[in-house]
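Following: one structure in structure tokens, then a few remarks.
The values are calculated or read from the model by the stated rules, or taken from the named source; none is laboratory data. Everything quoted here is computed from the prediction, not taken from an experiment. Because the Cβ atoms are built from the backbone with ideal geometry, glycine has one as well, and the counts that use them run over all protein chains shown. Side chains are part of the model used for accessible areas, which takes the heavy atoms of the whole protein and leaves out ligands, DNA and RNA. Shrake-Rupley method; radii C 1.70, N 1.55, O 1.52, S 1.80 Å.
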Amino acid sequence: SCSLAMIKAPLKTLHRAGSKRILSSIQWRRLNHSFSNERRSEDAEEIISYAKSKHTRTIDKTILRSKLKQKYKTMHMPLLGIPRLKSGSELKKPETMISTLSNGLRIASEETYGQLCTVGILVNVGSRLETEENQGVTHLLEAMAFKSTVGRSHEQIMNELETLGANITTHSSREQILYCVDVLREYLEPAMSLLSDSILHPLFSEEEVMEQKMVIGYQMQEMTPDMRMKEALHLVAYKGSPLGNNHYCQQNRMEKLSGQMAKEYCDQYYTAPNMVLAGAGVDHQTFVELGEKYFSSVSKPGQHHLSKCSASEYTGGLIKMEGVSGHLREKLTRSCMAFEVGGWNDERFVPTCVLQTLLGGGDSFSAGGPGKGMYSRLYREVLNRHYWAESAE
């Protein structure tokens with residue numbers, strides 16, 4: 001029942017109020033624009049030159065840079081404690097440098113010019129050197145890495161690694177064991193101290209050994225079918241030879257593993273001739289000095305011989321296993337073929353790696369989405385043509 005005038009009156013009031021606010025905003029923008037023009041003309045009057053057109057203008061960037069350098073001098077001065085950045089043309093091409101310590105320990109390093117460095121010890125020992133008495137000790141050594149030492153508890157080692165922001169990695173195979181630490185360059189020395197203490201002075205307390213034996217047991221129960229299949233390949237390919245030894249500790253061998261067994265194994269094979277200290281992202285001279293400081297106590301070449309074992313003969317054969325993963329029976333059937341190739345120094349090693357890349361393969365559904373990365377031969381000829389193939393590699 002309200003009249004039209006009653007409705008229009010508030011609208012006019014709002015319109016007037018809005019107009020005033022808009023005018024105030026325009027006036028403020030003009031004031032701010034004029035202030036900016038004054039300030040601009042005071043600081044850099046010669047930098048910006050207006051063209052004849054009202055809508056375009058040109059900027060002399062050379063003059064602009066010179067004015068900025070004069071106004072902000074600290075941006076072009078080196079800061080204390082921060083090294084000057086160099087272009088790639090000023091840096092020396094990275095090369096692998098190799099040295100030998102007084103005790104015969106070999107040191108290899110390569111500069112990466114990054115802020116992160118990686119240091120590690122590679123021991124020329126693995127499950128191929130195990131006997132019937134100590135089978136599984138390599139698997140135990142991998143699990144016992146960076147545990148308590150004579151001078152540090154496991155908790156203390158973890159706290160120091162956390163303080164350094166370091167990342168540790170341990171990996172064992174049939175021929176080598178690798179202990180690795182990733183850390184910022186400035187923390188290289190404390191990382192080397194932790195690495196040497198963990199490898200050269202392990203405590204092997206019975207409590208920690210029992211704990212890691214339980215972990216190994218869980219790992220064996222949950223081993224994936226792919227890992228079981230690849231393990232079986234070695235067993236049948238080199239049957240009766242050192243490379244045919246079980247790499248993972250078997251359940252029937254678990255009770256016989258002990259800290260004393262691990263200590264005797266390290267005393268026998270963790271010697272200077274069997275070890276290589278390697279680093280990436282480190283200065284070689286500094287790395288050698290730290291190596292001499294923390295690894296000079298490793299036994300000398302004359303006291304022990306290199307890790308040697310009889311040559312492994314390739315026999316080949318056929319092995320079949322029931323597909324069981326944990327407590328679940330597998331629904332997929334897996335088949336695998338293996339062929340003998342040369343070792344690290346064989347002339348066919350590099351061509352074999354190239355062939356592996358060309359064959360490629362993977363799962364039927366790529367991680368990046370359907371079709372992404374499906375360019376290799378196994379993808380094209382197997383996965384894309386046969387719907388029943390779940391994976392090929």
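Before moving on, here are some points about what is shown:
Residues checked against (1) at pLDDT below 90; (2) open to solvent by 60 Å² or more (accessible area, probe 1.4 Å); (3) basic (Lys, Arg):
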{"site": "269", "(1), (2), (3)": "no, no, no"}
{"site": "272", "(1), (2), (3)": "no, no, no"}
{"site": "283", "(1), (2), (3)": "no, yes, no"}
{"site": "287", "(1), (2), (3)": "no, no, no"}
{"site": "290", "(1), (2), (3)": "no, no, no"}
{"site": "298", "(1), (2), (3)": "no, no, no"}
{"site": "302", "(1), (2), (3)": "yes, yes, no"}
{"site": "307", "(1), (2), (3)": "yes, no, no"}
{"site": "313", "(1), (2), (3)": "yes, yes, no"}
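- Residue, surrounded by the fewest Cβ atoms within 10 Å (Cβ to Cβ), within segment 100-114, restricted to residues that are small (Gly, Ala, Ser) and not in a strand (DSSP E or B): 102
- Apart from one condition, residue 228 fits all of (1) within 20 Å of residue 264 (Cα to Cα); (2) modelled with pLDDT under 95; (3) touching a strand residue (DSSP E or B) at 6+ places or on another chain (Cβ under 9 Å); the exception is (1).
- Residue match in segment 278-294 (condition: in contact with a Leu (Cβ under 8 Å, 6 or more places away or on another chain), in contact (Cβ under 8 Å) with a residue 40 or more places away in the chain and among the charged types (D, E, K, R)): yes
- Test for residue 277: is it touching a helix residue (DSSP H, G or I) at 6+ places or on another chain (Cβ under 7 Å), outside any helix (DSSP H, G or I) and over 22 Å from residue 133 (Cα atoms): yes
- Subset of segment 134-169 [in a loop (DSSP other than H, G, I, E, B) and in contact (Cβ under 8 Å) with a residue 40 or more places away in the chain]: 134, 135, 136, 144, 145, 146, 147, 148, 150, 151, 152
- Residue within segment 170-185 that is open to solvent by 30 Å² or more (accessible area, probe 1.4 Å), farther than 30 Å from residue 252 by Cα and in a strand (DSSP E or B) present: yes
- Checking each residue in segment 221-270 for being of a type in the set (Phe, Trp, Tyr) and not in a loop (DSSP other than H, G, I, E, B) picks out 265, 269.
- Test result for residue 164, surrounded by fewer than 19 Cβ atoms within 10 Å (Cβ to Cβ) and more than 18 Å from residue 207 (Cβ to Cβ): yes
- Just one of (1) out of contact with any helix residue (DSSP H, G or I) (no Cβ under 7 Å at 6 or more places or on another chain); (2) open to solvent by less than 20 Å² (accessible area, probe 1.4 Å); (3) among the hydrophobic types (A, V, I, L, M, F, W, C) fails for residue 203. It is (2).
- Residue match in segment 115-131 (condition: within 18 Å of residue 189 (Cα to Cα), touching a residue at least 24 places away in the same chain (Cβ under 8 Å) and open to solvent by 70 Å² or more (accessible area, probe 1.4 Å)): yes
- Of everything listed in (1) touching a residue at least 60 places away in the same chain (Cβ under 8 Å); (2) touching a helix residue (DSSP H, G or I) at 6+ places or on another chain (Cβ under 8 Å), the single unmet condition for residue 221 is (2).
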